[in-house]
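One structure is given below, encoded as structure tokens.
The values are calculated or read from the model by the stated rules, or taken from the named source; none is laboratory data. Quantities reported herein were computed from a predicted structural model and do not represent experimental measurements. A quick note on method: Cβ atoms are made from the backbone with ideal geometry, for glycine too, and the neighbour counts reach across all protein chains shown. Heavy atoms of the whole protein, side chains included, go into the accessibility calculation; ligands, DNA and RNA do not. Shrake-Rupley method; radii C 1.70, N 1.55, O 1.52, S 1.80 Å.
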Number of protein chains: 2
Amino acid sequence: MTLHDVARHAGVSSMTVSRVINDYAFISEAARAKVLKSIEELGYRPNAVARATRTGVAQVGVLYSNPNSSNLSAFLMGAFRKAGEIGCQLLIEPTAAHPTPARAVAKLIEAGVGAVVLPPPLCDNAKILKLLAAAGVAPVSFATARPSPDVTSVAIDDFEGAAMMTRHLIALGHVDIALVRGDPSHSTSTRREEGFRATMAQAGLAVPDAYVVEGAFTYRSGLTAASQLLGLRRRPSAIFASNDDMAAAVSAVAHGMGIAVPTELSIAGFDDTPVASTIWPQLTTIHQPIADMAATAVELAAGLARRDADDDQPRRHVLAELTLVVRQSTAPPAS
Amino acid sequence: MTLHDVARHAGVSSMTVSRVINDYAFISEAARAKVLKSIEELGYRPNAVARATRTGVAQVGVLYSNPNSSNLSAFLMGAFRKAGEIGCQLLIEPTAAHPTPARAVAKLIEAGVGAVVLPPPLCDNAKILKLLAAAGVAPVSFATARPSPDVTSVAIDDFEGAAMMTRHLIALGHVDIALVRGDPSHSTSTRREEGFRATMAQAGLAVPDAYVVEGAFTYRSGLTAASQLLGLRRRPSAIFASNDDMAAAVSAVAHGMGIAVPTELSIAGFDDTPVASTIWPQLTTIHQPIADMAATAVELAAGLARRDADDDQPRRHVLAELTLVVRQSTAPPAS
DNA sequence: CTGTTAGCGCATTCAC
DNA sequence: GTGAATGCGCTAACAG
């Protein structure tokens, strides 16, 4: 099943078919329709490998900082799936393997990538962006809370996600809601906090200073935060942790103190990583379609990697859809 | 930098270079040496994409059952890395997306894969193996504890891994060691139990029936198991859980009961999944090089996918190396 | 043992 | 608008 089979079937030349496939502008509607119909009837799928021999393989680099991130597998799934589809080569580079993130970037540049996907916190790193720009390598920032207008990005609306969860908690009847913040160096942390605070304010609910505690997106930091919060004289009836790892830690501490979840304490997470459905009770959390987002990021990156020097085309900014996943860790407050 | 450049540099034809690259047997040592030298000097790297146009892309399927498995990301990393290197196409198929595993296999077969990588428990499933055989698709079993001699496999020695951990616990001075078993339908569970029991017996240590409790490799099952074990009049001083998820659950329950880890209770896991270094205290566990193993599995599978019908060549069985990773969850017993 | 010929499936180039 | 020729980098199949 090749281009030529389709061409013969449609009664045109292979070039016309090729043009239709590649969305070439100047084709008569008649020819395009015939070709499309033949493609449909024959079930033709373009051969990405063969195509790559002519166009050259678009190489796109993927940097990642946290090898244990629970999102990593979903991220890789999506990224590799898309890479396979469009026939581009992915170079995965763990920054942890290098003394500095800049060295990791340098390695990717030397390898000849045309674009790089940058998850947080790298995507907010001006130095790295500068390095990339100097080498003429296009960046695609992934999951930043504050996408720069100059940089193509795929992200979620962290503010809105936090707001959704806060609304859920409020709707359940909670009034004393505490927040465990994320790593302050990630832009997502502040956006999530803002979403939380804005929603609380809008509902006319106060947020005492003691109810907002520092965290670092790690399980361990969640342990500390939870001890602080649950040791308070006036304990919150719900704790919203800025990610699932910290929520899991809150859950463990609550267990340890003999506080029943969710009857005595509601716990909410964010991200819907595997741990959310691993622990018990399973966490109510905000789901982001990481695999799809990764696929989109790779697609955009591959596009940028191809056209060498069209610097002045508009940057694209994709916002992925969030969903509130209600599981067993949240319920109406006790009283 | 192509084959021809190398050929010219070495003063031979491109075919000779091609043959050297592909380890063709009948080449004079003189020619081979010249070519190798030129490749070295020119820094030539074969173009996997171009190669694939001639040989056809070896398609290898990967089935997986548990989308949340913490090992998944390491597995995918290794698998995709190798696939990219050797230019083969990976078709990932989650069995969960199908009513039965058999349907997932059927889909892969229809897609035209030449070989399939089968993680547990699928690799021990005779029905699936039969299906594959009927379609002439080669299986590669991944991480089975009981590799069938007829099936190419990449695995670890579960017995030895469990023995290593048990020896570590004994060396620390523990005598009352309990085991949380894994899912009885996985062959790894029984091999790990056997390794544990054999080592205990060898050290002259008794294993009371109450010290071996059922688990299912899930966090939740670990919760139940831990409650059982820690509720015992004579509490074990160390608990060896058959995987990290269950060990994490044991840790949470211990926290909940106010039992200090590791001073009052040592906890050991198996697999070295991300959760092991996420929770606190971090888990002592057995590390298996999942990414390397996955890469090997894909390589073997791609080889099998290529040669269509050489059924009678010997099956390869690769055993990966295990390492004991000592972290903070184990220590000498209290008394 | 080694070289020649002939494409793989597609896209670029330049005709028409 | 459309098509014919040409070659990407590599390797099967054949000749030597």
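For the protein assembly as shown, with every protein chain kept in place, what is the accessible area per residue (1.4 Å probe, Å²)? Present the calculation step by step, with values, prior to reporting the outcome.
Numbers: 29660 Å² over 670 residues.
Normalised by residue count, the accessible surface of the protein assembly as shown is 44 Å².
Going by the alpha-carbon gyration tensor, a ≥ b ≥ c the square roots of its eigenvalues, is segment A:69-136 rounded (a/c under 1.5) or, if a/c is not under 1.5, prolate (a/b greater than b/c) versus oblate? If you can, show how the numbers build up before the last one.
Details: a/c = 1.92, a/b = 1.34, b/c = 1.43.
In terms of gyration-tensor shape, oblate.
Under 5 Å between amide hydrogens, which residues at least 5 positions from B:Gly61 or on another chain qualify, with H placed 1.01 Å from N in the peptide plane?
Under 5 Å from the amide H of B:Gly61: B:Leu91, B:Gly114, B:Ala115, B:Val116, B:Val117.
Using alpha carbon centroids, what distance separates segment A:208-246 and segment B:258-309, in Å?
One Cα centre to the other: 30 Å.
Give me the net charge for the shell around A:Thr53: Cβ to Cβ below 13 angstrom, other residues only, Lys and Arg +1, Asp and Glu -1. Walk me through the numbers before you get to the answer.
On the way: positive: A:Arg51, A:Arg54, B:Arg51, B:Arg54; negative: none.
Local charge sum for A:Thr53: +4.
If you line up the long axis of helix B:244-256 against the longest principal axis of chain B, both from Cα atoms, how many degrees apart are they, to the nearest 10?
30
If I model a spin label as a point 7 Å beyond the Cα along the Cα-Cβ vector, how far apart are those points for B:Phe26 and A:Glu214 in nm?
For the pair B:Phe26/A:Glu214, the computed spacing is 7.3 nm.
Along the axis that rotates chain B into chain A, which residue of chain B has the nearest beta-carbon, and what is the gap in whole Å?
Its Cβ sits closest to the axis: B:Ser73, 2.
So what does B:Tyr64 come to for accessible area, using a 1.4 Å probe and Å² rounded to 10?
30
Order B:211-217, A:148-154 from most to least packed using the mean count of other Cβ atoms within 10 Å.
On the way: B:211-217: 20.9, A:148-154: 18.0.
So the peptides B:211-217, A:148-154, ranked by packing, come out B:211-217, A:148-154.
Express in Å², to the nearest 10, the accessible area of A:Leu3 obtained by rolling a 1.4 Å probe over the protein heavy atoms while all chains stay in place.
The accessible area comes out at roughly 50 Å².
Once you sort the root eigenvalues of the Cα gyration tensor of the protein assembly as shown as a ≥ b ≥ c, which label holds: rounded (a/c under 1.5), prolate (a/b larger than b/c) or oblate (the other case)? Write out the running numbers ahead of the final one.
Details: a/c = 1.99, a/b = 1.31, b/c = 1.52.
Oblate.
How far apart, in nm, are two points set 7 Å out from the Cα along the Cα-to-Cβ line at B:Ser185 and at B:Thr53?
Each label point lies 7 Å from its Cα, and together they span 4.7 nm.
Once both labels are modelled 7 Å past Cα along the beta-carbon direction, what's the B:Val326-A:Ala33 spacing in nm?
About 7.7 nm separates the two model spin labels.
For chain B, find the longest principal axis of its Cα atoms and tell me its angle to the long axis of helix B:187-202, 0 to 90°, nearest 10.
Helix B:187-202 and the main axis of chain B meet at about 60 degrees.
Using only the alpha-carbon atoms of segment A:180-224 as identical scatterers, what base-10 log of I(q)/I(0) does the Debye formula give at q = 0.24 Å⁻¹?
-0.86
Residues with beta-carbon under 12 Å from that of A:Ile286, excluding A:Ile286: net charge, scoring Lys, Arg +1 and Asp, Glu -1? All intermediate terms of the calculation are to be shown ahead of the outcome.
Values: positive: A:Arg167, A:Arg192, A:Arg327; negative: A:Asp157, A:Asp158, A:Glu160, A:Asp244, A:Asp271, A:Asp272, A:Glu321.
Net local charge, A:Ile286 excluded: -4.
Would you mind giving the three semi-axes, in whole Å and largest first, of the ellipsoid equivalent to chain B according to its Cα gyration tensor?
Values: eigenvalues 419, 103, 56 Å².
Sorted largest first and rounded, they come to 46, 23, 17 Å.
Which residue fluctuates most in the GNM of chain B (Cα springs below 10 Å): B:Ala238, B:Ala225, B:Ala260?
B:Ala260
Considering every residue in B:2-11, what mean count of other chain Cβ atoms within 10 Å of its Cβ is obtained? Write out the running numbers ahead of the final one.
Working: counts 0, 0, 0, 0, 0, 0, 0, 0, 0, 0.
Per residue, the average neighbour count from other chains is 0.
Relative to a virtual label point 7 Å from the Cα of B:Ala106 in the Cα→beta-carbon direction, which members of segment B:121-144 show backbone nitrogen distances below 18 Å?
Label zone hits: B:126-137.
For chain A, set up a Gaussian network in which alpha carbons nearer than 10 Å are linked by springs, and say which option among A:Gly136, A:Gly222, A:Gly258 fluctuates the most.
A:Gly258
Compute the label-point distances linking A:Glu214 to its equivalents in the other copies; points lie 7 Å from Cα along Cα→Cβ; give nm, one decimal, shortest first.
4.8
Checking buried surface per residue: for segment A:253-280, which residues lose a minimum of 50 Å² accessible area in the protein assembly relative to the chain alone (1.4 Å probe)?
Output list: A:Thr278, A:Trp280.
Using alpha carbons only, how many degrees (0 to 90, rounded to 10) separate the axis of helix B:158-172 from the longest principal axis of chain B?
Once rounded, one gets 40 degrees.
Enter the accessible area of B:Thr53 (Å², nearest 10), with the probe set to 1.4 Å and all protein chains included.
Only protein atoms counted, so the area is about 60 Å².
May I have the pair-distance distribution P(r) for segment A:3-44, computed from all Cα-Cα distances with 5 Å bins from 0 and rounded to whole percent?
Reading the bins upward from 0: 5, 31, 41, 20, 4.
Most fluctuating residue of A:Ala320, A:Ala31, A:Ala133 in a GNM of chain A with Cα springs under 10 Å: which is it?
With Cα springs under 10 Å in chain A, the top fluctuation among A:Ala320, A:Ala31, A:Ala133 is at A:Ala31.
Kindly identify segment B:158-287 as rounded, prolate or oblate by the Cα gyration tensor criterion: order the square roots of the eigenvalues as a ≥ b ≥ c, call it rounded if a/c is under 1.5, otherwise compare a/b with b/c, prolate if a/b is larger, else oblate.
On the way: a/c = 1.30, a/b = 1.12, b/c = 1.17.
Judged from the Cα gyration tensor, segment B:158-287 comes out rounded (a/c under 1.5).
Peptides A:19-29, A:198-208, A:162-172: what's the order by average Cβ count within 10 Å, highest mean first?
Working: A:19-29: 11.5, A:198-208: 14.1, A:162-172: 21.0.
Per-residue mean Cβ counts within 10 Å order the peptides as A:162-172, A:198-208, A:19-29.
Would you mind checking A:Lys107/A:Lys127; A:Lys130/B:Lys82; A:Lys82/A:Lys127; B:Lys82/B:Lys107; A:Lys82/B:Lys82; A:Lys37/B:Lys82 for any pair whose Cα atoms are more than 26 angstrom apart? The partial results should precede the final answer.
Details: A:Lys107/A:Lys127 15 Å; A:Lys130/B:Lys82 31 Å; A:Lys82/A:Lys127 29 Å; B:Lys82/B:Lys107 23 Å; A:Lys82/B:Lys82 17 Å; A:Lys37/B:Lys82 38 Å.
Violating the 26 Å limit, Cα to Cα: A:Lys130/B:Lys82; A:Lys82/A:Lys127; A:Lys37/B:Lys82.
Could you run the Karplus curve 6.51 cos²θ - 1.76 cosθ + 1.60 with θ = phi - 60° over segment A:76-87 and give me ³J(HN,Hα) per residue in whole Hz, x for Gly and Pro?
Running phi through 6.51 cos²θ - 1.76 cosθ + 1.60 with θ = phi - 60° gives 5, 3, x, 4, 6, 4, 5, 4, x, 4, 8, x Hz.
If you wrap a convex hull around the alpha carbons of segment B:223-279, what volume per residue comes out, as a whole number of Å³?
Details: hull volume 3.9 nm³, N = 57.
About 68 Å³ per residue, rounded to a whole number.
What does the net charge come to around A:Leu319 if you take all other residues with beta carbon closer than 10 Å to its beta carbon, with K and R at +1 and D and E at -1? Could you put the intermediate results ahead of the total?
Values: positive: none; negative: A:Asp157, A:Glu160, A:Glu321.
Local charge sum for A:Leu319: -3.
Leaving out ligands, DNA and RNA, calculate the buried accessible area for the pair A and B with a 1.4 Å probe, summed over both sides, in Å² to the nearest 100.
On the way: alone 16030 and 16050 Å², together 29660 Å².
Approximately 2400 Å² gets buried when A meets B.
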